[in-house]
Amino acid sequence: MITSSPYSWTESEGLQKHLEKRGVSRRDFVKFCGEMGVMLGLGMTAGPSIAKALQAVKRPSVIWLQLQECTGCVESVLRTADPTIGDLLLDVVSLDYNHTLMAGAGDAVERAKKSAMDANRGKYILVVTGSIPMNEGGIYTTIGGRTAHDVLVEAADGAVAILAVGACAHFGSVQSARPNPTGAVGVRDVIKNKPIVNIAGCPPIGDAVTATVVHYLTYGRLPAVDGEGRPLFAYGKRIHDQCSRRAHFDAGQFVEAFDDESARKGWCLYSVGCKGPATYSPCPIFMWNTRTSWPIGAGHPCIGCTEPHFWDTMTPFYGRLPNVGGFPVEQRVDTIGAALAVGAAAGVAAHAAATVFTQIRRRRATNQVPESATAPENDNG
Amino acid sequence: MARTKVVVDPITRIEGHLRIEAQSENGRIAKAWASSTQFRGIEIIMQGRDPRDAWAFTQRICGVCTTVHAIASCRAVEDALDIRIPPNANTIRNLVHGMQFIQDHVIHFYHLHALDWVDVVSALSADPAAAAKIGQSLSPWPNNGEAQLRAVQNRVKQFVGSGQLGIFTNGYWGHPAYKLPPEVNLLAVSHYLEALDWQRDVIRLHTIFGGKNPHPNFLVGGMASAINIDSTATINAERISDLTGMISRARAFVEQVYWPDLVAIAGFYKDWGAIGGGVPNFLACGEFPETDVRDLGSLYFPRGIILGKDLTKVHPYEPEKIQEFIHSSWYEYAGGDSVGLHPYAGETKPKYTGPQTPWTYLQDETKYTWMKAPRYEGKPMQVGPLSRMLVAYASGHEDVRAMVTEALGKLNVGPEVLFSTLGRTAARGIETVLLARKMEEWMGDLNTRIRNGDVATFTKTRWEPSSWPAKSQGYGYLDAPRGALGHWVQIEDGKISRYQCVVPSTWNCSPRDAQGQTGPYEASLEDNHPLVDPARPLEILRTIHSYDPCMACGVHVLDAEGREVVEVKVQ
C-alpha cells in the first residue's frame, strides 16, 4: 500500500506543502477530500473538515498482521483507486509491519514490529488479515515459531483499534466452512476488549479499507457499524437496492441461463443464483479496480462474500435465493421476487438463506452500533 | 569453524508463511530445511459441495495466484462432465491467465524480489543525470529522464529523513552482497514505484471479464461475461477498447522497463548464475491452449520433463507418475510414513508431532513442515518459469529459443547459467515478454470471431446436474505463474466426492523424502550457496525468492479421501 509513495512529510512542513511538492494542487486535494466525504456518506461539504484533519495529523503507526489467509486482501489494498491521490491517502500512515512488502526478514522484521509497538503503545492501528486456527493449540499457523493466536493477542494489547480486513479476519472465511478442520475463527472471537471494525468481503474492495482509515484520522473515532461490525458508509445497503440491473428485476426480466439472449441484454441475474438481495456490500457503489466494473456488472451473480459464513449459507452459489422479501422499502418488487422464488427455489439453500434473512432482519431492525466501535480520541499519535 | 544454526522466520516478500532453517559453515550453507507453517484443510471442506462452486472455493487457496486455481478447477470439472467450452471462453481465459502471469511476474520482480538486489539507501547518493543516461541507453521508456529520477530521489530522501521507515525498517542496506551502482539502484527504485501504478491499471482486464480482482469470477462451461458489442451492460465496443489499451500498456512496460531492468541488473550479478542450482529435474505440464484444453498440440508453452539438466531430451509428462510422500511432513498415512501415494489414492490426515510453540529449532526433528513431498518417478522436480522455458527450449520452441539466445548474448554467458538462482529469475522475465506479445494476438482472435458473428461464451449443455452421469472424474492441468498445477475431481450424484490438487509450491518447497532427497528450495540452498552474515541472510532471500514462493497454495488441497475425511481428527 504505502510503498507506492515511500516518503513522507515533516511535521513542520504539513501535508499541503508536501502535496504541492508532488505536483498536487490545493484544488486537487480539496476535490479528493470532497470525494472522500461522499464515499464516507458525509457529502461533499465534509471535504474541508477532512482536509483539515489530514493536514493536522502525524503519520500513525500501522501494524499489519497476516495470519491464516491467502494474501488476497493485501493484493486488494494494492489496487486502491486513484493512482495519485490514493497514494497520498496511504502516505498518511506509517506501515511498520507487513510480511508481503517488508524489505527485511525473520528476526529483523520481528524486531521492527516490536520497536513500533513499544514506541506507539496504545496508539497504533492494528490491521489483521487472516483467521485464527484454534484447534490443536493453534498449531495450524505459526509465525516466527509462535501461533497466530499468540501473535494476535500480543499485538492487540497495545493497539488503539483493530481493522479486521477481509472475510478470514471477519469470521474465518473459506477455511472455517464446514467442517472447519482447523477451528478457524475471526478476530472478534479472540479479542474482546478492543474496538474492531470488520471490513468484510473476500476480499473487500481496497477503497473500503482506506476510507475507514481516513474516517478514523478525520474524526478521531471509528465509523458507525452494523451488527456485523461493518462500516455503514460502505455496507449500509444491500446490493439489490443499489444494483445497476435492478430495473430489470422490477420489470421481471431475468437471465435464465448464462449467455442467453437476456444475458446479452444485461438483465437481472436473480434466476442464476444472485445473492445480491441478501448481501450488504459497497460493490455497486464503489465498484472494483478504479471503478472499472463489479461482479454483477461483468455478468456473474453475487456470491454474497461480505456476509458471515457465506461459504455455507450462500451455497450452492448458482441456487436461487428463496423468499426475496420482507423489506418494506421495496415491498412491491419483492412481491415479484417472492412469487418467482416460490416456483423456483425447490429446497435449494432454503434453510440457509432463510437463516441469513432472519439474522439480517434482526440486526437491521435494531440498527445496532456497538459501543465498542468508538475509539478513544485521536491524540495525534 | 563450528556450524551455526540459522533461522529465518518469517520469510517476507512472499505469499504466506515460510520458515527457513540452515546450518552455515565458513560463509556457506551446509544444510537447509524449508518449513511451511500454515495448514487450512480446504480439501476436506470441498467434500459434498456442488462441483460448479468448486472454482470459488479453490480460488481462495491463493489471492496472489488468484485465477489459477479457479481455471484449473473449471477444467477439472469440465473434463469430468465432458464439457467443451466455446472458443471465445478459451481465449478469454487465456487473456485472463496471461495478464495474471504478466502482472504477477512484474510485481514479483519489483516488489518481492528487487530489494534482494537493489539497495534503496544507495539510491540516495546517485547522480540523477547519470542515472537518466543509463536509463535512456537501456530503453526508450519516457520516464527515465533526469527530472523524473531526481523527483524520485527527493521522495526517497524525504522518506528516510522522516525517520519513519515503514516497510524499509531493518532492511539489509549496505550489505556487501549488494553490487549495483547508485544510479542503477535509483532507476530500479523509480520503476518499483511506477510498477505499482502500472499493475493497478493492467489487472483491470480481470475486472472486465470477471468483475473484480483479486478473485475474479469464473464459470464452469465458459465465462459469465456475455458479449454484445451493442449493449451497455456486456463486453461491448467500449470494453474492447479499454482492454486493447491495457494490453498495449502491459507490453510497453514489460518490453521497455521490466526486461531491460532485469538484463541490466543481472549483468552485475553474473556470479549468481553459478549459485543455487539445486534439483536438476524440471517439470512443465503445459499451458495456454489455443484451441481447446484437450488439444495438447495447441499449447503455447509445451509440456514435458527434463532430467539431470539434459537439454537434448524432453521426456513425456505423465501425471500418473506423481506420488506424494510424508516422511518429513505433519501427516500420517495408513500404510506408514515411507510409502508414496498417487493423488488418486491419497490420504490427508494432519498429525502434528513438532515441538511446543514457541519453537527454537525444527531442524532436529524428523518431521518439520505442513508441505508434503511430491515426487515424479521418485524424483524431486523443479516447476515454474525455468522449467517451462527449459522444456520449450529443448522442444525447439522458436519464440523461446530466440529470447533465451538474446538474453544469454546480452549477458555474454553460456546456457549453463540457466541452472541457477539467476536462471530462475531470468526465465520469469523471458516468458513475460513472450506472453505480453501473445496477448495482442489473442485479443485479435477474439475480435475476429466477434466480427464474424460468434459471440458465444458459455456451453449450456450439462449445466444442470440432471444431465450428469452418476459418477465421473476429471483432471484439470494448468501451468501457473509459479509452475505446474493439477486439480483432480471426482463427482458422485451431483456432489464432489473427492478433490485433490498438486500445486507448484508443493513441488518446490517439498521437504526431505524417505530416501533423504531434499526438495528444490533446500537443494538450492545446499548448492554452492553463500551466507556471509547469518544475522543478515540476504543471500537466502535471493534464492528462495527466485522461486516466488506461494505457501498458501503449497499447503493446499492435499488429497482428501472420500467420506473418510469426516474421520479426520481435528481436535
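The values are calculated or read from the model by the stated rules, or taken from the named source; none is laboratory data. Just so it is clear, the structure is predicted and the values come from calculations on it, not from any experiment. Every residue, glycine among them, receives a Cβ derived from its backbone with ideal geometry; neighbour counts consider all protein chains shown.
Quick look at the numbers
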{"read-out": "From the options B:47, B:23, residue that is modelled with pLDDT under 95 and either surrounded by fewer than 24 Cβ atoms within 10 Å (Cβ to Cβ) or aromatic (Phe, Trp, Tyr) (or both)", "value": "B:47"}
{"read-out": "Qualifying residues in the range B:418-473 (those that are basic (Lys, Arg) and in a helix (DSSP H, G or I)) - the one nearest to the other protein chains (Cβ to nearest Cβ)", "value": "B:449"}
{"read-out": "Residue identified as away from chain B (no Cβ under 13 Å), at pLDDT 95 or above and over 26 Å from residue A:232 (Cβ atoms) among A:106, A:122", "value": "A:122"}
{"read-out": "Odd one out for residue B:12 among (1) more than 8 Å from chain A (Cβ to nearest Cβ); (2) of a type outside the set (Asp, Glu); (3) part of a loop (DSSP other than H, G, I, E, B)", "value": "(1)"}
{"read-out": "Qualifying residue in the range B:20-29 (condition: within 9 Å of chain A (Cβ to nearest Cβ), more than 24 Å from the chain's Cα centre (by Cα) and not small (Gly, Ala, Ser))", "value": "no"}
{"read-out": "Top-ranked residue of the range B:170-212 - restricted to ones that are in a loop (DSSP other than H, G, I, E, B), touching a Phe, Trp or Tyr at 6+ places or on another chain (Cβ under 7 Å) and touching a residue at least 40 places away in the same chain (Cβ under 8 Å), ranked as farthest from the other protein chains (Cβ to nearest Cβ)", "value": "B:179"}
{"read-out": "When residues of the range B:30-62 are limited to those that are among the small types (Gly, Ala, Ser) and either within 30 Å of residue B:360 (Cα to Cα) or touching a Lys or Arg at 6+ places or on another chain (Cβ under 9 Å) (or both), the one farthest from the other protein chains (Cβ to nearest Cβ)", "value": "B:30"}
{"read-out": "So residue B:252, is it at the interface with chain A (Cβ under 7 Å from one of its Cβ atoms), out of contact with any helix residue (DSSP H, G or I) (no Cβ under 6 Å at 6 or more places or on another chain) and surrounded by fewer than 20 Cβ atoms within 10 Å (Cβ to Cβ)", "value": "no"}
{"read-out": "Checking residue A:199 against (1) buried (at least 23 other Cβ atoms within 10 Å of the Cβ); (2) touching a residue at least 40 places away in the same chain (Cβ under 8 Å), the condition it does not meet", "value": "(2)"}
{"read-out": "Condition broken by residue B:267, with the remaining ones in (1) more than 14 Å from chain A (Cβ to nearest Cβ); (2) crowded, with 21+ Cβ neighbours inside 10 Å satisfied", "value": "(2)"}
{"read-out": "Candidate set: the range B:353-404, residues that are among the hydroxyl-bearing types (Ser, Thr, Tyr) and buried (at least 20 other Cβ atoms within 10 Å of the Cβ); chosen: the one nearest to residue B:324 (Cα to Cα)", "value": "B:376"}
{"read-out": "Any hit, the range A:142-158, residues being at pLDDT 95 or above, farther than 25 Å from residue B:360 by Cα, in contact with a helix residue (DSSP H, G or I) (Cβ under 9 Å, 6 or more places away or on another chain) and not charged (D, E, K, R)", "value": "yes"}
{"read-out": "Scan of the range B:141-179 for residues that are at positive phi and crowded, with 18+ Cβ neighbours inside 10 Å, ordered by number", "value": "B:166, B:170"}
{"read-out": "Matching entry among A:182, A:142 (being facing chain B (nearest Cβ under 8 Å), crowded, with 21+ Cβ neighbours inside 10 Å and assigned to a loop (DSSP other than H, G, I, E, B))", "value": "A:182"}
{"read-out": "Selection count, the range B:364-382, where residues are more than 20 Å from the chain's Cα centre (by Cα) and farther than 25 Å from residue A:143 by Cβ", "value": "3"}
{"read-out": "Residues within the range B:279-297 that are within 28 Å of residue B:308 (Cα to Cα) and hydroxyl-bearing (Ser, Thr, Tyr), tallied", "value": "0"}
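Matching residues to (1) closer than 18 Å to residue B:484 by Cβ; (2) out of contact with any Asp or Glu (no Cβ under 8 Å at 6 or more places or on another chain):
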| site | (1), (2) |
| --- | --- |
| B:286 | yes, no |
| B:295 | no, yes |
| B:303 | yes, no |
| B:307 | yes, yes |
| B:310 | no, yes |
| B:317 | yes, yes |
| B:323 | yes, yes |
| B:330 | no, yes |
| B:333 | no, no |
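Residue-wise test of (1) touching a residue at least 60 places away in the same chain (Cβ under 8 Å); (2) within 30 Å of residue B:80 (Cα to Cα); (3) of a type in the set (S, T, N, Q); (4) surrounded by fewer than 24 Cβ atoms within 10 Å (Cβ to Cβ).
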site	(1), (2), (3), (4)
B:436	yes, no, no, no
B:455	yes, yes, no, yes
B:461	yes, yes, yes, yes
B:492	no, yes, no, yes
B:511	yes, no, no, no
B:514	yes, no, no, yes
B:539	yes, no, no, no
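Residue by residue, here is whether (1) surrounded by fewer than 24 Cβ atoms within 10 Å (Cβ to Cβ); (2) within 11 Å of chain B (Cβ to nearest Cβ) holds:
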position: A:248; (1), (2): yes, yes
position: A:260; (1), (2): yes, yes
position: A:266; (1), (2): yes, yes
position: A:272; (1), (2): no, yes
position: A:275; (1), (2): no, no
position: A:279; (1), (2): no, no
